[in-house]
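The values are calculated or read from the model by the stated rules, or taken from the named source; none is laboratory data. No experiment lies behind these values; they were computed from the predicted model shown. Glycine also receives a Cβ, built like all others from the backbone with ideal geometry; neighbour counts cover every protein chain displayed. What goes into the accessible areas is simple: the full protein's heavy atoms, side chains included, and nothing from ligands, DNA or RNA. Shrake-Rupley method; radii C 1.70, N 1.55, O 1.52, S 1.80 Å.
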Amino acid sequence: MLTVLLSAEPNQGVWGDKALVSYQQDSVVIHYQDDFVLRRIQQAARQLSAQGATEVSLSGEGWSYERQWAFYCGFAATRKPVAVQWASMDEDELELLNARRRSADWVRQVVNATPEDMYPEKLAQEAISFLKSVAGNHISHEVLVGDELLAEGWIGTHSVGRASSRPPVMLTLDFNPTGDPDAPVHACLVGKGITFDSGGYSIKSSAGMVAMKCDMGGAATVTAALAYAIEQGLKKRVKLVLCCAENMVAGNAYKLGDILTYKNGLTVEVVNTDAEGRLVLADGLIKAGEMKAPLIIDAATLTGAAMMAVGQDYNAIFSLQPELLRKAQQLSELVNEPAWPLPLQKWHQNYCPSDYADTANSRPVKGGGMGGASNAAAFLSRFVSDDSRWIHFDLASCFRDGADARWAAGATGLGVANIAALLLQ
């Protein structure tokens, strides 16, 4: 097991004073002498992982909770298990590190799985199993599959998923630690679970489709966030809704020009079958409103426009309640999962007009046109109860198509701790 030390001093000797790491016979030293300590530590960890290290012991002075987590984010690998022995610290902080690692590792496991292996029913079952492993008998659930969705009025999830040979699914999971079946619901989490997105008839290119196993990143993120909050002592009742489907092409696929009538009476014209995430999330948001949850949090890999706006180091956040937006951003800084608010006003709802329905699901132009991320969030806001506070996470930072200087290829887990922190408020 390789020993890893920290130093605030510049690198010396043959390595050069700008090098991240210096090497000794049985240990390495990470040098972090600049304003971006956590990024530098994560980069060094990625460098060690890329060089073949799989087992390390963090040792010596300077290893705070935040620094150890930054190291783990860089050291985690896509194709091989890794072992990290945490530095000595407070027992509560060690438990917190282990809980955060379990949630992040689960996100990587399900998001990085092939779409052949991680289909809608499998994703729902994986979420149930993971949360039961954390909360045991405090978990109950209901799973609707295929035409059961149509019978219950969940038109969005059914329409998006009906062309696949693997049926669409809505999972409703109840974490109730009170033991009282009449206990009020503190919050509801809603996740987009598109286990593979071909784009439907608005079909993606091969280059645009190759990473679309990650399109269930929202469902994975809210599931892991609930688990992480439970492990931190969450005592309030929280419900989870995952809207899961494969967006495929077939003779029975939904089509451009179709009009969907949702349970709340709103009609939606489909002008882009590749804007499917908002169609399934609409069902989940209506469901959350039926539960009378005072706080609704949804998460989705929803738009490329969000990535263009904030890049891959931030998640984009949207809300019609400014105080909730500020709190989410403050918590994102606290847990070192950067989030940045983008514009959202009620009048953004008018930016996807339809001559045939109350609204279209996008605009019939490339990328949904200008302000695409805000317009998508505004579409979702139509399905949120006026009695609830609501925040939407567009997860621009939750996945890397390929390895970079700080992350292995695949899921990052960014967003999990931010949403967990909101649940614990």
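Points worth noting:
- Considering R100, R166, the condition of being under 30 Å from A70 (Cα atoms), crowded, with 18+ Cβ neighbours inside 10 Å and among the charged types (D, E, K, R) is satisfied by R100 alone.
- Cβ-Cβ under 9 Å pairs, at least 6 apart or on other chains, the range 359-370 side farther than 14 Å from G257 by Cβ and among the basic types (K, R), far side open to solvent by 20 Å² or more (accessible area, probe 1.4 Å) and not in a loop (DSSP other than H, G, I, E, B): R363/Y351
- Selection within the range 326-345 - open to solvent by 30 Å² or more (accessible area, probe 1.4 Å) and of a type in the set (S, T, N, Q): Q329, Q330, N336, Q345
- Condition check for A316 on (1) touching an Asp or Glu at 6+ places or on another chain (Cβ under 9 Å); (2) assigned to a loop (DSSP other than H, G, I, E, B); (3) closer than 19 Å to P341 by Cβ: one failure, at (2).
- Close pairs from the range 307-329: first closer than 15 Å to V384 by Cβ, partner of a type in the set (D, E, K, R) and in a strand (DSSP E or B), Cβ under 8 Å, at least 6 apart: I317/D394; F318/D394; S319/R389; Q321/R389; L324/R389
- The set of residues in the range 344-389 that are of a type in the set (S, T, Y), outside any loop (DSSP other than H, G, I, E, B) and over 20 Å from I317 (Cα atoms) contains only T359.
- Filter pass, S332 being hydroxyl-bearing (S, T, Y) and either over 19 Å from R39 (Cα atoms) or outside any helix (DSSP H, G or I) (or both): no
- If the condition is being free of Cβ contacts under 8 Å to residues at least 40 places away in the same chain, within 21 Å of A253 (Cβ to Cβ) and open to solvent by less than 80 Å² (accessible area, probe 1.4 Å), then the range 117-148 contributes L144, V145, G146.
- Restricting the range 65-94 to residues that are in contact (Cβ under 8 Å) with a residue 40 or more places away in the chain and not in a helix (DSSP H, G or I), the residue that is most open to solvent (accessible area, probe 1.4 Å) is Q85.
- Strands (runs of 3 or more DSSP E) contained in the range 1-46 and holding at least 3 residues aliphatic (A, V, I, L, M) and touching a residue at least 40 places away in the same chain (Cβ under 8 Å): 2-7
- Here A339 does not fit the description of being assigned by the TED database to the domain that holds G193, hydrophobic (A, V, I, L, M, F, W, C), more than 16 Å from the chain's Cα centre (by Cα) and modelled with pLDDT of 95 or more.
- Any strands (runs of 3 or more DSSP E) falling wholly within the range 235-296 and containing at least 1 residues that are open to solvent by 20 Å² or more (accessible area, probe 1.4 Å) and more than 30 Å from P184 (Cα to Cα): 259-261, 267-269
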